[in-house]
Amino acid sequence: MAKVKGDVIIDIDVCKGCLLCVDVCPTKTLAPGTKVNQKGYIYVVKVNDDCTGCTNCSTICPDAAITVYREKINK
Amino acid sequence: MLEEIIIAGFGGQGVLSMGQILCYSGIMENKEVSWMPSYGPEMRGGTANCITIISDEKISSPIIAKFDTVIALNQPSVDKFENAVKPNGVFLYDSTNVIKPPTRTDIKIYKLEASNEALKMKNTKILNMIMLGAFLKIRPIIKLENIIAGLKKVLPERYHNLLPLNEQALKKGMELVN
Amino acid sequence: MGELKLMKGNEAIAEAAIRAGADAYFGYPITPQSEVLEYLANEAEKRTGMVILQAESEVAAINMVYGAGGTGKKVMTTSSSPGISLMQEGLSYIACAEIPCLLVNVVRGGPGLGTIQPGQSDYLQATKGGGHGDYKLLVLAPNSIQEMVDFVKEGFDLAFKYRNPVLILTDGVLGQMMEKVELFDQIPRSKEIPSWATVGKPPNRERNILTSLNLQPELMEKHNEHLQAKYREIEKNEIRVETINCEGADYIFTSFGLTSRICIKAAQLAKEKGIKIGIIRPITVYPFPYETYAKYADKVKGFFDVEMNAGQMLEDVKLGVLGKAPIKFHGRMGGMVPTPDEVFHVFEEKFLGGKE
Amino acid sequence: MNDTLHLAENLVYKRPKTLINVAMHYCPGCGHSTTHKILCEVIDELNIQSEVIGVAPVGCSVIAYDYLNIDMQEAAHGRASAVATGIKRVLPEKLVFSYQGDGDLAAIGTAETLHTCNRGENILIIFINNAIYGMTGGQMAPTTLENMKSTTTPFGRNVRKMGYPIKMTDLVATLPGTYYVTRQSVHTPANVRKTKAAIKKAFEYQRLDRGTCFIEVVSNCPSNWKMTPVDSNKWLVENMLPFYSLGDLKVPSKEEN
């Protein structure tokens, strides 16, 4: 059975911490971080490896801050 | 040569085109010309007039208050412009419907039963050509053949069948001046 | 010699626009200049493919000029006083974004809805900016139909030379009257695309932005300085003025546009009475020929300024004369046009009769 | 972590290249940013960067040109569609869009909007409706909902005094000049995808010279609505969408396509 494995890379300089991505992430991979970027926003961070690369986060992200990868893994 | 003219009458009597024909013809004789209409609502249905200047030299003001010639086609124009004629100037008017004629004695007054003549020729639209013919007889500033050529320019092509009638009217106007 | 025609001023503007190779006209009807749009609607598209659009308002028209002018095309609009007032906001933007375009104001008497008869009462609006902010239009004031024709062509050239809006300031008489004009030959519409034009960003250049906004005051000031430097350049290069018989004159009549011709006739009346009158006629009212006035200021007994307004150019005349000679003014307002006799009589009264 | 995951072939989303790589000035969670982003995605996907000319309005998106790597003009308040008309008329082969907020398009620019649509100018008008004036700080917009608070309707919009919220999209759909009129939103990933598809379609129709395409994007304004971005999207669902219902108001008939 084919399984998908995904990953997200967050551009922390562009992220404004609006948390819309956190709201739509089905695997709770994204969460509010604790650090502040140069613009003063608390940016979002990745908190688990369950990402499926569904792109919900990158689609809703107003600032195009999220790059998404997805790979099919044959088991 | 410098001839400063005002042509005045009701809208629709062809006063504006009279001035234009003079200008077109003037250009054909290499003269300087200027035509300034009264414009706007008063043109429609009310009174209309145009100042027409024909000159051998560059024309300064297109707006003037005193004229070598006044051509008046109705009573209001007679009233309004009688005093605008320069001393010894020409006052030419259609007397058909004028009950109060001009009274100045220091100008040359010519009256024409032009509207009646136009009726006799079965086309009231040629009133202006009768008047123009009369003017050219009094002040031969432009050759008749050039006036006819100018007429061709002013008259839209669909009316060019009326050119002979207009020419007839010009000649009639010339005849009527004594 | 070009083609000779008897033309109304408004039609002549339209014909000249077509022949100058204009790409587009956006306008809205208003007396006394509606013939421009009418003439173009009849003639332009079939002859050169020029775009003609009747906008829903003067506000829309000037913004269409902004958009189309921003693509580097030769674009114009025409209107009359109230319509030009509506365009002021757009003009300020156009001047700031440095979009070349040609405007014609066929001035009528104001203020407000005023009259449809001729006026010159938009002089200050035309020459001192008109809209908000520090900007200038280059303003040409023709006094004949021939100049109306020639200035359309020149106006486009100047607009592109300086990337600045050019205004032809004329009036209802010049719009409505007919004169003999010699028309220049058809200039083909240009295919050249200026480097700044917004035409779609090709891969090999930076994107082009046309804007009048800069939220950083330091940069906005820099842009203003650039604009001011341009205006100084225009002042250096583009002053046009006509002088007639000024050498040895007793008095100088001064006037722009239509009234300058009335003054020329009045000067002839003066000559018959043995008074020597010179004429100074600014052809560009911005930039204004101050130095021409300065040149004669201490040589004549006085200046007589005649306008169809309450004395708008008078302020500039005073700046030229700098108190070195008396200046008297005669103005008609609200659509009234002075006659040559009137001008001469008022001159006589004010300078020779001692009655003020 | 799998070593091959980050290979280019596995890339499923990255920032569109037409979106300039700077942080946008919009507030966190603002629908303007989202709409800019998908607009850039469409430009990339259709490969039309060299053909597109955009017009920015006055309002929050006044400096949209700082973010979109395309030729753009900034318009006077309300006049974006007139400016776009000017551009399109002299460059009919190019793809022209105006991007306008509710104040720009539906208040000061109502005349230009209606007449541009009525002439059927072959352009795309993107209309961001967040029911409030963002840039000037939360005043009533023409689209502000009944009883909705703003700084100029502190007790809620009283429609007897302030008039009713205006449905510009419904209005322009009645005009024969419009070809494709739709109301979309960007508050969920699914809606973002739909809006993007609508923008793409609109550019394709523009190529076919079909008339005005008009896309309303019902959007949020977390800052002036005074709520978090996530809450603002919930508020949008509960309050905006019942009044500004999503969907196509005018679509080309099948034979036309």
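Any read-out appearing in this document is the output of simple, stated calculations on the displayed coordinates, not a laboratory observation. Bear in mind the structure is a predicted one, so any value in this text is a computation, not a measurement. Backbone-built Cβ (ideal geometry, glycine too); neighbour counts: all protein chains shown.
Evaluate 2.2 N^0.38 Å with N set to the residue count of the stretch C:162-209, then give the Cα radius of gyration divided by it. Walk me through the intermediate numbers first.
Details: Rg = 18.5 Å, N = 48, 2.2 N^0.38 = 9.6 Å.
Rg over 2.2 N^0.38 Å, computed on Cα atoms: 1.93.
What do you get for Rg/Rh over the stretch C:3-237 if you use C-alpha atoms and the Kirkwood form of Rh?
Details: Rg = 17.1 Å, Rh = 17.8 Å.
When Rh is taken as the Kirkwood radius, the ratio is 0.96.
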Exercise. Taking every DSSP beta bridge that has both residues in the protein assembly as shown, what percent is antiparallel when rounded to the nearest 5?
Worked result: 40
Problem set entry | Under the Karplus curve 6.51 cos²θ - 1.76 cosθ + 1.60, θ = phi - 60°, whole-Hz ³J(HN,Hα) for the stretch D:94-99, x wherever Gly or Pro sits | 8, 9, 10, 9, 10, 10
Seminar exercise, completed: Expected vector for the stretch C:272-281, Karplus 3J(HN,Hα) from phi with 6.51, -1.76, 1.60 and θ = phi - 60°, integer Hz, x for Gly and Pro, equals 4, 9, x, 9, 8, 10, x, 10, 10, 10
Exercise. Highest mean first, what order results for B:133-143, A:26-36 on Cβ atoms within 10 Å?
Worked result: B:133-143, A:26-36
Problem set entry | Hits among lysines - C-alpha to C-alpha of C:Lys236 under 26 Å, sequence gap 8 or more where chains match | C:Lys74, C:Lys128, C:Lys136, C:Lys153, C:Lys161, C:Lys222, C:Lys295, C:Lys299, C:Lys318, C:Lys324
For this session: Compute the Kirkwood hydrodynamic radius of the stretch C:243-352, taking the inverse of the mean of 1/r over all pairs of distinct Cα atoms, and give it in Å to one decimal.
Result: 13.5
Seminar exercise, completed: Kirkwood Rh for the stretch A:2-74 from C-alpha pairs, in Å, is 12.2
Exercise. Which whole-percent values make up P(r) of the stretch B:2-176 when all C-alpha to C-alpha distances are grouped in 5 Å steps starting at zero?
Worked result: 2, 9, 19, 23, 23, 16, 7, 2, 0
Problem set entry | Cα long-axis angle, helix C:145-162 against chain C (0 to 90 degrees, to the nearest 10) | 50
Problem set entry | Stokes-Einstein D for the stretch B:95-178, Kirkwood Rh over Cα pairs, 4 °C, 1.567 mPa s (µm²/s) | 96
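How high is the relative contact order of the stretch B:2-176, in percent, with contacts defined as C-alpha pairs under 8 Å that are six or more residues apart? Please list the in-between numbers first.
Values: 350 pairs, mean separation 39.4, N = 175.
This gives 23 percent for the stretch B:2-176.
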For this session: List the residues whose amide H sits under 5 Å from the amide H of A:Gly17, counting only those 5 or more places along or on another chain, with H placed 1.01 Å from N in the peptide plane.
Result: A:Val44
Exercise. In terms of modelled amide H atoms, which long-range or inter-chain residues lie less than 5 Å from the amide H of D:Gln100?
Worked result: D:Ile126, D:Phe127, D:Ile128
Exercise. Along the charge dipole of chain C, which of C:Tyr39, C:Val285, C:Asn237 sits closest to the positive end, that is, farthest toward it, with unit charges on the beta carbon of Lys, Arg, Asp and Glu (+1, +1, -1, -1)?
Worked result: C:Asn237
Exercise. Which whole number of Å³ per residue matches the convex hull of the alpha-carbon atoms in the stretch D:188-257?
Worked result: 106
For this session: Apply the membrane-span-like helix rule to chain D: whole DSSP H runs, Cα extent along the own long axis of at least 20 Å, mean Kyte-Doolittle hydropathy at least 1.6. List the helices found.
Result: none
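So, with +1 on the Cβ of K and R and -1 on the Cβ of D and E, and no other charges, what is the size of the charge dipole of the stretch C:3-237 about its Cα centre, to the nearest 20 debye? Walk me through the intermediate numbers first.
Values: 23 positive and 29 negative charges, 110 e Å.
Using Cβ point charges on Lys, Arg, Asp and Glu, the stretch C:3-237 gives about 520 debye.
Would you please put D:108-121, D:200-213, B:110-123, B:148-161 in order of how densely packed they are, using the mean number of other Cβ atoms within 10 angstrom per residue and starting with the highest? Intermediate results must be reported in sequence, preceding the final value.
Numbers: D:108-121: 22.2, D:200-213: 19.5, B:110-123: 17.6, B:148-161: 13.9.
Top of the packing list down: D:108-121, D:200-213, B:110-123, B:148-161.
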Exercise. Remind me, relative contact order of the stretch C:1-102 in percent, using alpha carbon pairs under 8 angstrom and six or more residues apart?
Worked result: 30
Seminar exercise, completed: Among B:Leu176, B:Ile6, D:Phe97, the residue whose Cα sits farthest towards the positive end of the charge dipole of the protein assembly as shown, when +1 is placed on the Cβ of each Lys and Arg and -1 on the Cβ of each Asp and Glu, is D:Phe97
Problem set entry | Loop-located GluC sites (Glu not before Pro) in the stretch C:155-226 whose Cβ has at most 10 other Cβ within 10 Å (DSSP) | C:Glu192, C:Glu206
Seminar exercise, completed: Inter-part gap, Cα centre of the stretch C:284-354 to Cα centre of the stretch D:1-79, in whole angstrom, is 59
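If you count, for each residue, the other Cβ atoms within 10 Å and average over each peptide, how do C:239-245, C:101-107 line up from highest to lowest?
C:101-107, C:239-245
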Exercise. With +1 on each Lys and Arg Cβ and -1 on each Asp and Glu Cβ, how big is the dipole of the stretch B:80-178 about its Cα centre, in debye rounded to the nearest 20?
Worked result: 120
Problem set entry | As computed over the protein assembly as shown, the Cα convex hull volume per residue (Å³) | 207
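Using a Förster distance of 41 angstrom, determine the FRET efficiency expected from the C-beta separation of B:Glu145 and C:Leu113, and round it to 0.05. Don't jump to the answer; show the numbers that get you there.
Working: r = 47 Å, r/R0 = 1.16.
Once the sixth-power term is evaluated, E becomes 0.30.
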Exercise. In degrees from 0 to 90, rounded to the nearest 10, what is the angle of the helix C:81-97 Cα long axis to the longest principal axis of chain C?
Worked result: 60
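Using the structure shown, select from C:Lys191/D:Lys88; C:Lys301/C:Lys328; B:Lys31/B:Lys125; A:Lys16/D:Lys37 the pairs with a Cα to Cα distance greater than 19 angstrom.
Working: C:Lys191/D:Lys88 16 Å; C:Lys301/C:Lys328 11 Å; B:Lys31/B:Lys125 28 Å; A:Lys16/D:Lys37 15 Å.
B:Lys31/B:Lys125, as the Cα separations exceed 19 Å there.
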For this session: Would you calculate a helix-derived [θ] at 222 nm for the protein assembly as shown, using -39,500 (n - 2.57) for each DSSP H run of n ≥ 4 and dividing by the full residue count, to the nearest 500?
Result: -10000 deg cm²/dmol
Exercise. Any idea how far the Cα center of the stretch A:1-21 sits from the one of the stretch B:1-33, in Å?
Worked result: 83
Seminar exercise, completed: Counting only residues 5 or more apart in sequence or on a different chain, those whose built amide H sits under 5 Å from that of D:Leu68 are D:Ile20
Exercise. Each residue of the stretch C:218-228 in order: what ³J(HN,Hα) in whole Hz does its phi give by Karplus 6.51 cos²θ - 1.76 cosθ + 1.60, θ = phi - 60°, with x for Gly and Pro?
Worked result: 4, 6, 5, 5, 4, 5, 4, 4, 4, 5, 5
Problem set entry | Between the stretch C:167-246 and the stretch D:113-175, the alpha-carbon center distance in angstrom | 36
Exercise. Sorted from largest down, what three extents in whole angstroms do the Cα atoms of the stretch D:17-173 have along their principal axes?
Worked result: 48, 37, 23
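Taking R0 as 25 Å, what's the FRET efficiency between D:Leu7 and A:Asp50 from their Cβ-Cβ distance, rounded to 0.05? Walk me through the numbers on the way to the answer.
Values: r = 20 Å, r/R0 = 0.82.
Computed FRET efficiency for D:Leu7 and A:Asp50: 0.75.
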